[in-house]
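Okay, structure first, notes after.
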Amino acid sequence: MNFLSNRLGFGADYNPEQWSPEVWRDDIRLMREAGVTIVTLGIFSWATVEQEPGRYDFGWLDEVMDLLAAAGIDVSLATGTASPPSWLSRLHPETLPVNHDGVRLSPGSRQHYCPSSPVYREAAVGLAVQMAKRYGTHPALKLWHVGNEYGCHIQECYCDVSADDFRAWLRDRYGDLDGLNAAWSTTFWSQRVTDWADVLPPRTAPTLRNPAQDLDFRRFSSDALLACYRAERAVLQELTPGVPITTNIMGMWEPVADYASWAADFDIVALDIYPEPKDPTAHIDAAFFHDQMRSLGGGRPYMMMETATSAISYRPPNRPKRTGLNRLWSHQAVARGADAVMYFQWRASAGGAEKFHSAVVSHGGADNRIFREAAALGAELSSLSDVAGGRVPADVAIVHDYANWWALELDARPGELKIPERVRAHYAPLWHANVTVDVVPPEADLSAYKLVVVPNLYLCTDAAADGLRRYVEGGGHLLMSFFSGIADECDRIRLGGYPGAFRELLGLRVEEFWPLSDGERAGLSSGGGADLWADHIVPEGAEVLAAYTGGPLPGLPAVTRHAFGAGTATYLGTRPDEHSMRDLVADTLRLAGVAPVVAGLPAGVEAVRRGRHLFLLNHNDHAVHAAGTDLAPRDVAVLRLDRDPASGAAAAPSLQSGAVPPVGEGA
């Protein structure tokens, strides 16, 4: 569904309710000057549109919609339900969220609502109905934007309303109390429940809580947020059929919600992402999230609905982006599948909590570096209209699962494992090798991939285990790390020896886990070393690729490979250092027959193919020569290929330059 009419969208989150009509007209002039083609409008407008229950003021929004339509600027129109107005909290304090200590939170910030509250949902749907009736046929409307960043601040509510909703969710999942007790292993610590009234959210308790209860509450909370989105989506579909609907989700290392379970409800995936300008590796994390968003949509293009033109207000010190960095990171999004680049926000706020967040138009106006760079980017994206709709091919998949994330980071595990670090450790070597990756859930169809990478899949369903087994048996290549296959979906240990679900596939048994202390290292016979974790591996058919040369398990296997069916399964029983991990990944890529997008590029240069285009992105602070192209520091080049590789082009097609001339500046 290409609602952008075969062009790349460029724009920002627009909040005209903060400004006078005279400023609106100046905004439209500057938007046209900057090449803006789309804005997101009205995200936080509920209190302005509905100042009292049932009394609506659409006059200001009518005028802004008409101005944008006259200027040829498309609108992603928000339902305005992201933060309730003060009157809803006053009239219905039961809609306010409660934390795990029983403290009811107050209004005065944003997202101050309980996701399970029927009062909130009814009020939100009521506003969405009014918005749909008012603007459903407006010529500027191209997309509905429901809510905003669900779960950014309130991921879970522990109030009595949520408790009732949680019980209903559990009844639907397990049927009866016998099913619940079995799933939660309640024979331990005398936790068996005999009445649904005894089932509570995992509120603050004397010591460790039931991990299965914690895990199910995270699942339930994700579904409760999704139910809020679906309630508004349903009325928009009914009243404005044919208008695409989405909400913006967050690319960040925080397990907000199970986005894989949300994806089917998005007509287009929309991403908010704020890489840290001070982090020299931020572009690698960003690449992962772009790959994830593209994958959530089944490979279809997505939108980068929010990012920053420069400084990000909530990260002290509030450093701006260096010259060229915004352009570089924006092109990275387009390279990896985005059909729109948008910023928060268009005009920097004069007051409020985010007044020092950068914008396209700064407090001093448009005569500055940020606006000039944004306008130049708008012109570039306009010249790349033939990129829109293009697909990004990938021969490698990384398995990433939110339930596993939640379960792995619960209390009382053998070692402290954090999914962000574990995923980075597996993704970064692929990025450095210029190998493009899809990000898929464990139960996905893996047949199209030459290599599947599985970082620490502690929690694993039978369906996922069977799928990975069939994949390797059929000729696929697998790279899996330690502490995988240990528990089922209820966080119950798979008995019969570690690694439970994958023992036969990997051709080994793990006798014991040996987590390493801070600063403790083990050498590897293949060179380099490892830390964090050491499995006591007993091979049962697997070949030993590397053994420990120190640490608690000297001489025992650390890395193995097992021929299984027509494929292979490589297992890392430890965390290799960065250099060793790159070597292991490179070896597995060669075995799987995976080639880089472009071979022989200088370090720090990212290459991505999208359709008939090759993007070269120089993340270095120095100039480089790559693929016959000179790139200045933080520079970008987009080269046209002879033909789309997806249509059967040769592995190394000739390149034709000239799509976008590099215009990056120095520091």
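Within the range 32-84, which residues are part of a strand (DSSP E or B), within 25 Å of Glu380 (Cβ to Cβ) and open to solvent by 40 Å² or more (accessible area, probe 1.4 Å)?
Across the range 32-84, there are no qualifying residues.
Pick from Arg372, Arg327: which is without any contact (Cβ under 8 Å) to a residue 12 or more places away in the chain, assigned to a helix (DSSP H, G or I) and not aliphatic (A, V, I, L, M)? Walk me through how you get there before you give the answer.
Details: Arg327 fails: without any contact (Cβ under 8 Å) to a residue 12 or more places away in the chain.
None of the others qualify; the one that does is Arg372.
Scan the range 562-573 residue by residue and report those that are part of a strand (DSSP E or B) and over 31 Å from the mean Cα position of the chain (by Cα).
Passing the criteria: His562, Ala563, Phe564.
Run Leu200 past the list (1) within 29 Å of the chain's Cα centre (by Cα); (2) modelled with pLDDT of 95 or more; (3) over 30 Å from Leu67 (Cα atoms) and report the number of the one that doesn't hold.
Of everything listed in (1) within 29 Å of the chain's Cα centre (by Cα); (2) modelled with pLDDT of 95 or more; (3) over 30 Å from Leu67 (Cα atoms), Leu200 misses just condition (1).
Among the listed residues Tyr174, Tyr259, which satisfies the condition of being under 30 Å from His432 (Cα atoms) and among the hydroxyl-bearing types (Ser, Thr, Tyr)? Break it down into steps so the answer makes sense when it comes.
Values: Tyr174 fails: under 30 Å from His432 (Cα atoms).
From the options Tyr174, Tyr259, the qualifying one is Tyr259.
Given the residues Ser313, Ser362, Ser349, Ser358, which is the only one that is under 18 Å from Thr40 (Cβ atoms) and without any contact (Cβ under 8 Å) to a residue 60 or more places away in the chain?
Ser358
Applying the selection to the range 85-97, what residues are part of a helix (DSSP H, G or I) and touching a Phe, Trp or Tyr at 6+ places or on another chain (Cβ under 9 Å)?
Let us first name the residues in the range 85-97 that are part of a helix (DSSP H, G or I), namely 86-91, 93-95.
Across the range 85-97, the qualifying residues are Leu88, Ser89, Thr95.
Restricting the search to the range 109-142, which residues are closer than 20 Å to Pro97 by Cα, of a type in the set (Phe, Trp, Tyr) and not in a loop (DSSP other than H, G, I, E, B)? First the steps, then the outcome.
Pass one, the range 109-142, residues closer than 20 Å to Pro97 by Cα: 109-125.
The next check asks that each one be of a type in the set (Phe, Trp, Tyr); those that pass are 113, 120.
Answer for the range 109-142, where residues must be closer than 20 Å to Pro97 by Cα, of a type in the set (Phe, Trp, Tyr) and not in a loop (DSSP other than H, G, I, E, B): just Tyr120.
Would you be able to say whether some residue in the range 423-446 is in contact with a His (Cβ under 8 Å, 6 or more places away or on another chain) and among the basic types (Lys, Arg)?
So the first thing to find is which residues in the range 423-446 are in contact with a His (Cβ under 8 Å, 6 or more places away or on another chain), and the list is 423, 439-441.
Filter once more, so that each one left must be among the basic types (Lys, Arg): none.
Taking every residue of the range 423-446 in turn, none turns out to be in contact with a His (Cβ under 8 Å, 6 or more places away or on another chain) and among the basic types (Lys, Arg).
Give the residue that is modelled with the lowest pLDDT, with candidates limited to residues of the range 286-314 that are out of contact with any strand residue (DSSP E or B) (no Cβ under 8 Å at 6 or more places or on another chain) and open to solvent by less than 30 Å² (accessible area, probe 1.4 Å).
Ile312
Output yes when any residue across the range 335-349 is surrounded by 22 or more Cβ atoms within 10 Å (Cβ to Cβ) and either part of a helix (DSSP H, G or I) or among the acidic types (Asp, Glu) (or both), and no when none is.
The answer is yes, given that some residue of the range 335-349 is surrounded by 22 or more Cβ atoms within 10 Å (Cβ to Cβ) and either part of a helix (DSSP H, G or I) or among the acidic types (Asp, Glu) (or both).
Could you list all residues from the range 127-173 that are free of Cβ contacts under 8 Å to residues at least 40 places away in the same chain and crowded, with 16+ Cβ neighbours inside 10 Å?
Scanning the range 127-173 gives Ala163, Arg167.
Here is a check on your reading of the model: is His622 of a type outside the set (Phe, Trp, Tyr), surrounded by fewer than 20 Cβ atoms within 10 Å (Cβ to Cβ) and free of Cβ contacts under 8 Å to residues at least 40 places away in the same chain?
Judged against the criteria, His622 is a match.
Scan the range 544-578 for residues that are within 19 Å of Val454 (Cβ to Cβ) and charged (D, E, K, R) and jot them down. Break it down into steps so the answer makes sense when it comes.
Narrowing the range 544-578 to residues within 19 Å of Val454 (Cβ to Cβ): 545-546, 557-576.
Those that are within 19 Å of Val454 (Cβ to Cβ) and charged (D, E, K, R): Arg561, Arg575.
Condition check ((1) surrounded by 17 or more Cβ atoms within 10 Å (Cβ to Cβ); (2) in a helix (DSSP H, G or I)) across all residues:
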position	(1), (2)
Ser517	no, no
Leu532	yes, no
Leu553	yes, no
Val585	yes, yes
Leu591	no, yes
Val597	yes, no
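The values are calculated or read from the model by the stated rules, or taken from the named source; none is laboratory data. Remember, it's a predicted structure, so these values are computed and weren't measured experimentally. Glycine also receives a Cβ, built like all others from the backbone with ideal geometry; neighbour counts cover every protein chain displayed. Ligands, DNA and RNA are excluded from the accessible area calculation, which covers all protein heavy atoms including side chains. Shrake-Rupley method; radii C 1.70, N 1.55, O 1.52, S 1.80 Å.
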